[in-house]
Structure formats: C-alpha cells, structure tokens
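**Q** I'd like to ask you about the structure that follows.
What follows is calculated from the coordinates using simple rules that are stated; it is not laboratory data. Every value quoted in this text rests on a predicted model; they were computed, and no experiment measured them. Heads up, the Cβs are rebuilt from the backbone with ideal geometry, glycines too, and the neighbour counts pull from every protein chain shown.
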Amino acid sequence: MFPRNSLPNDHRAGLPHPVPRPTRLALAIRGAAVAASSATYLLPAAAGAAVLLPLRGRTAAARFFYRRLVRHLQRLGPAPVKFGQIMGTRRDLLPPLLCDELGRLHDRVRPMTDRQTRRALRVAYGTELDRLFSAVDTVARASGSIAGVYRATRADGRVVALKLQRPGIRRRMSLDLALIRGAASLAERLPPARGVPLAELTGFVCAAVLNQLDFTGERANLAQLRRNFAGADHVWIPETLPELCRPTCLAMEYIPDLVTRPITEIDLARRPRLAARTVSAVYQMLFLDGFVHCDLHPGNVYFKGPRVVILDAGFSIRLDATVRRQFADFFLGLALGQGRKCGQVVVDSAVRVAPDADVEGFVSRVAELVGRNTGLPAREFQLTRFGTELFTLQRDFGLYAASEFIFPLLSLLVIEGTVRDLDPDIDFQAAARPMLLRAAAATAHLAPQRRVG
C-alpha cells in the first residue's frame, strides 16, 4: 500500500553526498564508548531514582531518571538527540513523562563555537566566502543538533539566513545511527518486544534523521511547500536561494525577529485566528497536498504578524493518493461518529497484524473510542489523548501501523499544544470537515487497499 516514494528521501536515492558505511572497528570503538559513558552516567541516575521512589513516589523517581537520560542523550551527540526528538512524539510506545522530557530536546541545544562556525563556513564555501558575502555574523540566531542558523549579508547588501551543518557531523551520525539500528534489531528478538516491528520503526526514524543531513533534499522540500501554499497569504515558507546553497549550507531569505516567545505575548484578539490558520495548514498538508512536514515542534513554527512561519522541512513525507484517502476517511469518520469505519481504516493501513489478533474486537473498541469523542465540546476533545488511546489499542490488539502512516498523523498531535495555547476552544473536528469533504471527493475513485504481513 505504501509506495517507495512515500518514504523519506534517504530510502529512495540516498543523500547527494552519501555517508560512508562505518567499519566494524569504528562501530566497536564507538559502541564501547557509548556503553561506558551510559554506565557512568545512568547507573547513578538509576540509583538516585531508587532512593526517591519510597520517599517521593513513582512519578518523582521516574521524572528524575528521565531528565538525566535526556541530558545523557545531549552528551552523546546529534544522532541520539534527533532520534530522541522524533521518538518523543510516540506516546503510544513511550511513557508520557519520558515524552515530556524528550520534548525539551527541541530548544536546548548548544550553538556551535565561533571556531566551529568559521570552519563550517570554510567547508561550505571555501575561497568563495569573501566574494559571496560582505559579512557573516558568527553568533547563531538559532541552534539545532544538526545545524545552526546565522545572519549573513550578501555582496549586494541583501540580508540572508544561512543554515550551516555542524562540522564532522556525518561520520558521527552514521556511527550512532548504525548502533541504534543494531540495538533495535536485538531488542525485537527479546520476549517483551516480540511481534512489535521495532526494526521497521527504528529504520524509518534513522532514515528520517539521516535525511536531515540532505540539505539538497530539504531545499526541494521547502520549494514544494512554498508551491503548495502559494495561494495562502497566512502561511510563510522561507524562499531558498539556490545560487548560495551548498551541500552543507542551506541559504534562505532572512525573516527577522523569529524568536520563540510565550503565547501570552501575542495579542489576545489575534490568537484564535492564528490557531485556526495553523490547523488549516496542517490539514491542507495531510488531506489535500499529501506532502507533510512531520517535525512541527515549537522550534519550527513561529507567528509573525498575521502569518504562520514554518521552517526546517528536512523531515517531510510525500503520501500517495490512497494514503491521503485513508487519512480523509478516518478523520471524516471521526467527525461524523462513524467509529467502525475508523476502525476498518486502521486495519487496512496496518503494516503487520498478529496471527492471533482479534480484528473484530479491535474495530469495536475503536468504534467505542470514536463514540466517546465525536461531538465533544471543543475544549474537552484532545487529539493527543485520542491518538494515544488509539495507538495503545493497536498495540494491545497486535495491529501495527506503518511509520509512513503514523508520523504524518503525529505532526498534528505535536502541534496541538501550541494551537491549544493560542485558542483553548478551537474545534479540531469542525475545522477539518471542509478539507475532508474536498479530499474525499478528490480521491473517491480509489478503492481501499490493505497491506498486512
């Protein structure tokens, strides 16, 4: 059901400058270093949590350990950080407290030093640097695990933004992602995870992480998003500047004053409109365009005047018409209270169904879940709670959705917190209906397909 072109770019053609496959010796050395570091840092954390357990309870002990686990991911480097960021959206697989802590990885990454920034500029532009730019500010305007964003002035005086890849990151990420894949393959054979497609999930996430090194692909993704939203004045996707782009640097128009601010600093009268525009943009990606930005955390979504600004499109997925039809059918079923239809869509989209799975029981439970949520007052309906319960039902009944299906949905769940802060009374179900009807009409000729194994 999911064609090859629905996968991240790395699955299709590889990076334009492929990362060398790590040698066994390099993997062994890195693995030993990670194991030693983890033991040194996490064993005391586990001991501290054990001490807290009888004194302050399970929640305090878990939060203590998870917070130190997340700090350790930051110490290990960019690949574990990016992996943690993406896995932090999977509340169906990980404890909610751990997901809360993983969410902190989005905005707590140290910027490159001045020396590292200058090195990154030399790697990207070499001897062209002084000819192309009259000045480059080496103080980062934003900093992520893979790259930093810097303000530069072209020789003609135009101010631009440069997204610079961290020096040496490709080799380090290839090592760490190979270790993560190996750990997942091992865990999949153990009794607690038997039957769970951990290798498929981990392979997808690792490919998505590695794909974010592909700035040529990200440039194409941004261009696609700009085309899709060309008629929407309320969405701002930065224009890329191909003549200044390099394999390790993405040059874009500079959007001033993009600083993460509390929602309370936005004028109260503007918040509901911004919330509606944000939801509309995500629904358009999911149901109409079939090209979805899957990394809509607060560090990638900003509000400037009346517009929603969307950045960093490295983790984007193209969906075929059949998958778009399934998304539309599911959400339309939710809006109309057609619970059994929703359950059947989930079954049809499963990448794996356990041999002893009670499919009829699963569909009935999904129908009950939809019945409890359809028509709820807007303030009471929570997408995150609904999605987590749905994913839990899938796990309990042995139905596993393909990652290409799950992560676009999670883009909506990730943005829910921001939208709710803007407008606690927004009605997600009502906002979806117009686009759902258009999407259903556009894909009505497609027969449902089922992929299980």
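**Q** Scan around S316 for amide H atoms under 5 Å from its own, H built in the peptide plane at 1.01 Å from N, and keep only partners 5 or more places away or cross-chain.
**A** C294
**Q** Okay, moving on. Kindly provide the Kirkwood hydrodynamic radius of the stretch 130-229 in Å, to one decimal, from all pairs of distinct alpha carbon atoms.
**A** 16.5
**Q** Reachable lysines from K163, Cα under 23 Å, same-chain residues fewer than 8 places away excluded?
**A** Counting by Cα, and skipping residues close in sequence, K163 has these lysines nearby: K82, K304.
**Q** Between Y41 and R273, what length in nm is gained on full extension when 0.36 nm per residue of separation is reduced by their alpha carbon distance?
**A** Stretched out fully, the Y41 to R273 stretch lengthens by 78.9 nm.
**Q** Name the long-range amide H neighbours of A401: under 5 Å, sequence gap of 5 or more, or other chain; modelled H, no Pro or chain starts.
**A** For A401, the qualifying residues are V351.
**Q** Continuing with this model, one more query. Please identify the GluC sites (Glu not before Pro) of the stretch 323-415 that satisfy two criteria: DSSP loop assignment and at most 14 other Cβ atoms within 10 Å. Which are they?
**A** Of the GluC sites (Glu not before Pro), the ones in loops of the stretch 323-415 whose Cβ has at most 14 other Cβ atoms within 10 Å are E380.
**Q** Next question, about the same structure. Any idea what Rg and Dmax come out to for the stretch 262-453 if you just take the C-alpha atoms, in Å?
**A** 16.7, 54
**Q** Neighbour counts of other C-beta atoms within 10 Å: give me V149, V359, V81 arranged from fewest to most. Walk me through the numbers on the way to the answer.
**A** Numbers: V149 20, V359 17, V81 23.
Fewest-to-most ranking of V149, V359, V81: V359, V149, V81.
**Q** Okay, moving on. Considering only C-alpha atoms, what is the centroid distance from the stretch 96-154 to the stretch 207-283, in Å?
**A** Taking the Cα centre of the stretch 207-283 as reference, the centre of the stretch 96-154 is 17 Å away.
**Q** Over all distinct Cα pairs, what is the inverse of the mean 1/r for the chain, reported as the Kirkwood hydrodynamic radius in Å?
**A** By the Kirkwood definition, the hydrodynamic radius is 23.3 Å.
**Q** Search the structure for amide H atoms under 5 Å from the amide H of V308, placed 1.01 Å from N in the peptide plane, and list their residues when 5 or more places away or on another chain.
**A** Correct list: V235, W236.
**Q** How far apart, in nm, are the 7 Å Cα→Cβ label points at R172 and M87?
**A** The modelled label-to-label distance comes out at 1.9 nm.
**Q** Summing -39500 (n - 2.57) over the DSSP H runs of n ≥ 4 in the chain and dividing by its residue number, what mean residue ellipticity at 222 nm do you reach, to the nearest 500 deg cm²/dmol?
**A** After summing the helix terms and dividing by residue count, I get -17000 deg cm²/dmol.
**Q** Taking θ as phi - 60°, what are the ³J(HN,Hα) couplings along the stretch 423-432 by the Karplus curve (6.51, -1.76, 1.60), each to the nearest whole Hz, with x for Gly and Pro?
**A** Running phi through 6.51 cos²θ - 1.76 cosθ + 1.60 with θ = phi - 60° gives 8, x, 9, 5, 9, 4, 6, 5, 5, 7 Hz.
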